[in-house]
Amino acid sequence: PREFDVVLVPDLGPAERDEFIRGLLGVYGKRLTGDQVRCIANAAFAARLGALVLCLDELRRYGQFDSLDERLAELVRCTSDDELVQSVLDGLRVSVPSRFSQALDSILIALGMSLRGLHEDELSYAASLSSGDCLPPQVWSTFRIGLGRAIQWREARVDLTSGPVRRFAESLITREPDLARRVGSALLDHLASSNRERWIEEAPQ
């Protein structure tokens, strides 16, 4: 029941990038100039489909031309997938109250640890580090909209798709070991007291 297929997507060529950028944004009625498309297509990360989709999902949130140009310039300066994810997360932080900004890292760490995704209440415990206070809808909506297709749903569980955000989440566990231990402990304490079956599923990781 845990089997899955891995589909390897080769790097996109220059023409494929142009077509993909125009096509994906065109679905949402957003049009870029030729210079803007070329700027994205020439970014260091643009050959990798997952990173390109993350960039385009982020640009969808910018409607005014001046702010779009500014944000586009910030994104294409990223030289790696990790820099791109960090830039997207930094943009999300300013969209939520400051006391919840740390919750974004905790949510990513919890999802990076999880074997098959987590329910929202489980993520709330992980993000609040055992208090279990529900995160406000604004935080969830910001998180989902900001990470776009990097977020997926599996049987009412939130999970990360394979790609730059999942790699970033897994590396965050190594870079922030103290936070990762606190997040993991809060999550397992909650599962042990509320859902033994889920504890058994997640505890090995």
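Some notes on this structure:
- Restricted to helices (runs of 4 or more DSSP H) entirely inside segment 1-94, those with at least 2 residues that are open to solvent by less than 60 Å² (accessible area, probe 1.4 Å), in contact with a helix residue (DSSP H, G or I) (Cβ under 6 Å, 6 or more places away or on another chain) and within 30 Å of residue 155 (Cβ to Cβ) are 49-59, 81-93.
- Where residue 169 falls short, out of the listed (1) in contact with a helix residue (DSSP H, G or I) (Cβ under 6 Å, 6 or more places away or on another chain); (2) at pLDDT below 90; (3) farther than 19 Å from residue 96 by Cα; (4) among the aliphatic types (A, V, I, L, M): (2)
- Only one of the numbered conditions (1) free of Cβ contacts under 8 Å to residues at least 12 places away in the same chain; (2) open to solvent by less than 70 Å² (accessible area, probe 1.4 Å); (3) under 16 Å from the mean Cα position of the chain (by Cα) is violated by residue 124, and that is (3).
- Any hit, segment 182-200, residues being under 23 Å from the mean Cα position of the chain (by Cα) and within 30 Å of residue 56 (Cβ to Cβ): yes
- Checklist (1) under 21 Å from residue 6 (Cβ atoms); (2) modelled with pLDDT of 80 or more applied to residue 123, failing item: (1)
- Residues that are in a helix (DSSP H, G or I) and either of a type outside the set (S, T, N, Q) or without any contact (Cβ under 8 Å) to a residue 40 or more places away in the chain (or both) within segment 95-109 comprise 98, 99, 100, 101, 102, 103, 104, 105, 107, 108, 109, listed in sequence order.
The values are calculated or read from the model by the stated rules, or taken from the named source; none is laboratory data. This is a predicted model, so every value here is computed, not measured. Neighbour counts run over all protein chains shown; Cβ positions are idealised from the backbone, glycine included. Heads up: the accessible areas ignore ligands, DNA and RNA and are worked out on the full protein's heavy atoms, side chains in. Shrake-Rupley method; radii C 1.70, N 1.55, O 1.52, S 1.80 Å.
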